[in-house]
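Engineer: What follows is a structure written as structure tokens; I'll ask about it next.
The values are calculated or read from the model by the stated rules, or taken from the named source; none is laboratory data. As the structure is a prediction and not an experimental result, all values here were calculated from the model. Every residue, glycine as well, gets a Cβ built from its backbone with ideal geometry; the counts of neighbours run over all protein chains shown. Accessible surface areas use protein heavy atoms only, side chains included; no ligands, DNA or RNA. Shrake-Rupley method; radii C 1.70, N 1.55, O 1.52, S 1.80 Å.
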Amino acid sequence: MRTRKQKIILVAKIFSVVFVLGLVAVFVFRDALLQKAIARITTKMDRDYNSTLSIKKAQFEGFAGVALEGIALVPKQADTLFQIQSIHTKVNFWHLFTGTIQLETLAAKNGFVQLVKNENGRNFDAFLPKKKDTIDTGEKTNYADLAYRILNKGLNLVPTDMHLENLTLRMNDMGKKATMRLNTLVLVDKQLESAIQVQTNTFTQRWKIKGFADPRNKLTDIRFFNIDTGKIKVPYFDERYNIKASFDSIRLKVSNIDKDGDELHIDGFTSITNFTVNHPKIASKDVIIKKARFDFNFLFGENSVAIDSSSTVVLNQMKFHPYVAYNNETDKVYTLKVAIPKMKAQDFISSLPNGLFTHFEGMEAEGDFDYHLNFVFNKNKPNAIVFESQLHKENLKITKYGEANLNKLNGEFIYRAIINDVPQRPILVGQANPNYTPLSQISPFLRKCVLTTEDPSFFSHKGFITEAFKQSIVKNIRTKKFSRGGSTISMQLIKNTFLKREKTISRKLEEILLVYIMENNRIVSKERMLEVYFNIIEWGPNVYGIGEAAHFYFQKSPSELTLNECLYLANIIPSPKKFMYQFNQEGNLKSYAISREKQLKTLMMRRGLIVPEDTINQLPIMITGNAKSYIKIKEENPAVIDSTNIDEFDF
């Protein structure tokens, strides 16, 4: 009888013979199998994507190499999507037995991919992902597993030996053209080098990518820079989106991709030098970041994706640690945390991007500070939003102002409103102006009415109303636009006196920082802020300050205004130039305007700002000043302007 050992040897021999015979069969019939595979792909392209795939020649080279020539993919009734003269590649034979395709070599030349959009549509529409009817099984995506699978498959398709020549990406979006030609790309012994030529309707440049690339060990360290003098310009976006962007160089290093249990870690850093961007929605001039670096630690879990707090962002001399996360274990929760360690205030000012904070340029400060932000938004429970912002100061003091000298609010100055980039007539904010009205000479009713509509907690907050700001965020997220901003009187004052009314990110950021500096350093008293506010805001067409407004509407001084007149004036602040639409043909307030004033009066009474006796013998308002002529001129206009939402603001 055969021993157990002999049986094992016999089985091994049989398996070896079968394996060898299988290899021989595959080798003998491999060209036929290749043709069948191409036929299946061709049929799929025709059936699922309404496109024609043609390959003039396909054959094996050696044991695991494949050569393809004359390949083209043409959507029916559209421009050619893909075409290449030849591709030679070799796969790792042993990995095929595990169901993994891993490229060892790749050589390709003389080809192009072109993306075309014209009056007939787009030539790549059929290949875009489509929403399909799916059955909800209740199973959640495991983000760590998904990301790891995608990374492995993608890196396995990057060969360790690669030679590419004359490959082009063409884009034509209704005449907006960009061409990126890869003249050469060589990856040998983990060293990558390429030469790229870029041409658009507006510029031509030569780029280079150079560095270390090891796809099998998931490591890379590459630099992207311009061969010619000058910055690299970002193509296409300038014509398509009016975004002009450029930079000197970009570096990307991935030092670790590791799946440890249920977590996937991706570590490395990326840096950019002299990044410049210009867009009307960002700022009125170029925004320049001289040096920026992001040391990242991406963390993928079973139910979460995050930038870990061990990550560091360096912006010029400023350093902070971000934490950004999405978690759907129970609800869909978005988290943002920012921690700026203790740093010198002057280093912070010097690190602000040029062009983004023009009013801070030239500012000097002493002292130190640290800052912490905690923001949590639960999509399933939006009203449970968390917004915590804390700044700790040590001997912080502004020693020199930049363009925005906040101290000017404490003395006489010339104010000029800017509307549609056009400076309006100058207004002297000071006693030499006969219309200037000190706070003590403004009707207490008006002060109470305006504070109720515009900023009820003005005397207690430090520039911002946290709860209003939180609700603004919720509304902006829901509407997907800046529809509400929780603007305080402090913010309106800064916006009017120092900033243009441009709708840019730059203006809003400067407004927030200037308000914080003014309020938290006690540069201007609350009483002085309110006095300046009453004397500069617009109350009607070419009517600035309460002194002019009281005469324009009622031929009175601000101290003589009645309660009803003050209710009216407070309610027109959001849309002062449209005041005339609130009146009917007889010159009386329309019913909606009367109702709005009653609501304001009731609110003030409930808060104890007025008492029932204040409402006795109050007559309907009577417009007697020059404003009356506007009502007569516009009396046929049926438009109704509803400004009851006092929290709306023009971003």
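Engineer: Using only C-alpha positions, report the orientation-averaged shadow area of the convex hull of region 349-419, nm², one decimal.
Structural biologist: 8.5 nm²
Engineer: What shape does region 126-249 have by the C-alpha gyration tensor, where a ≥ b ≥ c are the square roots of the eigenvalues, rounded means a/c under 1.5, and otherwise prolate means a/b greater than b/c and oblate the rest?
Structural biologist: Oblate.
Engineer: Let me ask something additional. Counting other Cβ atoms within 10 Å of each Cβ, which GluC sites (Glu not before Pro) in region 334-398 have at most 11 and sit in a DSSP loop?
Structural biologist: none
Engineer: Where does region 321-479 land on Rg/Rh, using Cα atoms and the Kirkwood Rh?
Structural biologist: With Rh from the inverse mean 1/r over Cα pairs, Rg/Rh is 1.04.
Engineer: Moving on to the next point. Given the options GLY430, ILE257, GLY111, identify the residue whose Cα lies farthest towards the positive end of the charge dipole of the chain (+1 on Cβ of Lys, Arg; -1 on Cβ of Asp, Glu).
Structural biologist: Of the options given, the answer is GLY111.
Engineer: Send over the Kirkwood Rh of region 178-287, from the inverse of the averaged 1/r over different Cα pairs, rounded to one decimal Å.
Structural biologist: After inverting the pairwise mean of 1/r, the radius is 15.9 Å.
Engineer: In degrees, nearest 10, range 0 to 90: what is the angle between the Cα axis of helix 489-498 and the longest Cα principal axis of the chain?
Structural biologist: 80 degrees
Engineer: On a 0 to 90 degree scale, rounded to 10, what angle separates helix 505-520 from the longest Cα axis of the chain?
Structural biologist: With both axes taken from Cα atoms, the answer is about 50 degrees.
Engineer: Could you give the distance between the Cα centres of region 178-197 and region 299-327, to the whole Å?
Structural biologist: Taking the Cα centre of region 299-327 as reference, the centre of region 178-197 is 32 Å away.
Engineer: Would you work out what percent of the accessible area of the chain, with all protein chains in place, is carbon or sulfur (probe 1.4 Å)?
Structural biologist: 55 percent
Engineer: Separate question: Which three lengths, in whole Å and largest first, does region 251-308 cover when its Cα atoms are put on their principal axes?
Structural biologist: Dimensions of region 251-308 along the principal axes of its Cα atoms: 49, 23, 12 Å.
Engineer: Residues of the chain: accessible area per residue at 1.4 Å, in Å²?
Structural biologist: In whole numbers, the chain has 55 Å² accessible per residue.
Engineer: For a quick check: with amide H placed at 1.01 Å from N, whose amide H comes under 5 Å from THR437's, ignoring anything fewer than 5 positions away on the same chain?
Structural biologist: Counting only residues 5 or more places away or on other chains, the set is GLY547.
Engineer: May I pose another question? According to the square roots a ≥ b ≥ c of the eigenvalues of the Cα gyration tensor, what is the shape class of region 512-601, taking rounded for a/c under 1.5, prolate for a/b larger than b/c otherwise, and oblate for the remainder?
Structural biologist: Verdict is prolate for region 512-601.
Engineer: With +1 on each Lys and Arg Cβ and -1 on each Asp and Glu Cβ, how big is the dipole of the chain about its Cα centre, in debye rounded to the nearest 20?
Structural biologist: Dipole of the chain, to the nearest 20 debye: 1860 debye.
Engineer: Here's something else I'd like to know. What aspartates and glutamates does LYS290 reach when the alpha-carbon gap must be under 17 Å and sequence neighbours fewer than 8 apart in one chain are set aside?
Structural biologist: Excluding near neighbours in sequence, the set is ASP248, ASP347, GLU361.
Engineer: What are the radius of gyration and Dmax of region 559-624, computed over its Cα atoms and given in Å?
Structural biologist: Cα-based Rg and Dmax for region 559-624 come out at 12.1, 36 Å.
Engineer: What angle, in degrees between 0 and 90 and rounded to the nearest 10, separates the Cα long axis of helix 526-536 from the longest principal axis of the Cα atoms of the chain?
Structural biologist: 90 degrees
Engineer: Report the rotationally averaged projected area of the chain based on its alpha-carbon convex hull, in square nanometres.
Structural biologist: 42.1 nm²
Engineer: List the residues, sorted by chain then number, that are 5 or more residues from LEU192 or on another chain and whose placed amide H is less than 5 Å from its amide H.
Structural biologist: HN-HN under 5 Å from LEU192: GLY211, PHE212, ALA213.
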